1. Among the residues of the stretch 83-111, which ones are part of a strand (DSSP E or B) and either of a type in the set (A, V, I, L, M) or over 16 Å from the mean Cα position of the chain (by Cα) (or both)?
2. Considering each residue of the stretch 43-61, count those that are assigned to a strand (DSSP E or B) and either surrounded by fewer than 17 Cβ atoms within 10 Å (Cβ to Cβ) or at pLDDT 85 or above (or both), and give that number.
3. Test Thr105 against the criterion of being surrounded by fewer than 18 Cβ atoms within 10 Å (Cβ to Cβ), in contact (Cβ under 8 Å) with a residue 12 or more places away in the chain and polar (S, T, N, Q), and give yes or no.
Amino acid sequence: MSLRFERLEDRRLLAVSVAAGSKLVIVGDGANDVVEINGTGIPGTVEVVVDLDGDEVAETTLGPFSGVKDIVFRGNDGNDTVTIDGVIVSGGLVVSGGSGDDVVTISGASIFGGNVNIETNSG
């Protein structure tokens, strides 16, 4: 009897967490992350939609997360696409795409009481 290994399909995992200090932190991986951060109409409450392969078929919705004051996205490598739509938070917003050709779209957001910092790099 001989042993052999079979390669499994690739897996991507984005880390999404709300820290005790009301900070929503989303950390991408080295691939092309596609993330939507959507408001729910309730201040401080957001949902996160993650599209693992960019085809909108494998979308996963996380949340809703309530009590969010600050939003932080760290894309790491890859050509990341981040959409922030309709969020209402009383803190700040930080988007750091990392290396790669990143796209950030913000629409209908109310961010007050903190700074908005967006950093994208051209790969």
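1. Ile84, Ile88, Val89, Leu93, Val94, Val95, Val103, Val104, Ile106, Ser110, Ile111
2. Selection size over the stretch 43-61: 8.
3. In short, yes.
The values are calculated or read from the model by the stated rules, or taken from the named source; none is laboratory data. Note that the structure is predicted; figures quoted are calculated from it, not measured. We place every Cβ from the backbone using ideal geometry, glycine too, and count neighbours over all the protein chains shown.
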